[in-house]
1. Figure the gain on full extension for Arg248 and Lys16 (residue separation times 0.36 nm, minus the Cα-Cα span) and round it to one decimal in nm.
2. With a 1.4 Å probe and every protein chain kept in, tell me what percent of the accessible surface of the chain is carbon plus sulfur.
3. Roughly what % of DSSP beta bridges within the chain run antiparallel, to the nearest 5?
4. Starting from 0.36 nm per residue, how many nanometres of slack lie between Leu189 and Leu158 once their C-alpha separation is accounted for?
5. Taking only complete DSSP H runs, can you tell me which helices of the chain stretch 18 Å or more along their own long axis by Cα positions and average at least -1.0 on the Kyte-Doolittle scale?
6. So with the 1.4 Å probe, I'd like the accessible area per residue for the chain, rounded to whole Å².
7. What is the set of long-range amide H partners of Thr26 at a cut-off below 5 Å, with H atoms built 1.01 Å from backbone N?
8. Between rounded, prolate and oblate, where does the stretch 161-265 land on the alpha carbon gyration tensor, with a ≥ b ≥ c its root eigenvalues, rounded for a/c under 1.5, else prolate if a/b exceeds b/c?
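The values are calculated or read from the model by the stated rules, or taken from the named source; none is laboratory data. On a predicted model such as this, the values are computed, not experimentally measured, just so you know. These accessible areas exclude ligands, DNA and RNA; they are computed on the full protein's heavy atoms, side chains included. Shrake-Rupley method; radii C 1.70, N 1.55, O 1.52, S 1.80 Å.
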Amino acid sequence: METTQEPSVPPSPKEKGIKITVATVTWNAGDLIARTIHSVETQTYGRVEHLIIDGNSHDNTLEHVHHYQERNSRAAVRHEIVCISEPDHGLYDAMNKAIDMATGRYILFLNAGDTFHSPDTLSVIAHEAEASSVLPAVIYGDTHLVDGDGRFLRTRRLAPPEHLNWRSFRDGMLVCHQAFFARTDLARLFHYDLRYRFSADFDWCIRIMREAEREGLPLVNAHTVVADYLSEGMTTRHHKASLRERFRIMKHHYGLLTTLVQHAWFVVRSVTKK
C-alpha cells in the first residue's frame, strides 16, 4: 500500500470552522482526476481534507496527485491531502475506506471527473452548518450535468426538495450523491452495503436520513449548486442493473406495495415527459 499525506497544519484564525472531508475514489483515472483536483484545490475555504482513495492505478493518476500535493505545500490556502493506493473490492469498498479515514465533521464524495460548481461551494456549506442551532445530519444542494469537457448540458430532472426526509427518495434520488454532505459520525454508522454494485449510494443516503429522523436532526437545503457531474457515470453505464438494485432497495425501505405503485408512476412519468 502506498500512502502519502501532507502534514497537518493548524488552522489560522481566518480558517476557523468545521472541517469538511472531500473523498475522491480513483482507479486509472488519469484522464479525469486533474479537473476534480483543480476544483478542490481552488476552494477558498481552508478547513478541507481531501482523501484520494486509489485502487492501485497503473496509469498517471498518482502522478497528478503528487503534483497536487507539491502545489498545495506552496498554496495561499492550504488543504490537507491524504492519498492511499492499494487494491480494493470495487468502488463502494473504497468509499467505505474513506468513511473510516475521514477526520472532517462532514464527508462528501466527489468522483473523478466531477467538480465543485464554484470556488466558494465549501464556504457556503460550512456557513449553513455553523448557522444551524443543531449541527445538521445532512446539508444538500443541487447538481448540474456536464459533458466530458466540463460543458453544461442540463439540470437534473429530479430537483432537491425544499424539505428533505428519508421518504423523499420514494420519488427517486432527488439529491445527487455528489451534493449530499453527511455528518461523518452518522456515515460511520452506515457503511455502503457491498451487496449493491451500482446503487449502494441510494441505500446509504436513505439510511442516513432515517437515522437523522430517529435522532431529531435537521436536513438542510443549502440552496446552491454543489457539483457539476459527468453524465456518463457508472450508474448510467449499467442503467438496467442499477434500476433492479434500486427496486430492491426501495422494497426494503418502503415496502413492496409502495415500491410497485411508485414504479408504475415512474413509467407514466417517463412517457409523459417525452
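1. Once the chain is fully extended between Arg248 and Lys16, it gains 79.2 nm.
2. Ligands and nucleic acids excluded, carbon and sulfur give 54 percent.
3. Of the beta bridges lying entirely in the chain, close to 35 percent run antiparallel.
4. 8.4 nm
5. 200-215, 256-272
6. Here the residues of the chain average 47 Å² of exposed surface.
7. When sequence neighbours closer than 5 places are left aside, the close amide H contacts are Ile53, Asp54, Gly55.
8. Note, shape of the stretch 161-265 comes out rounded.
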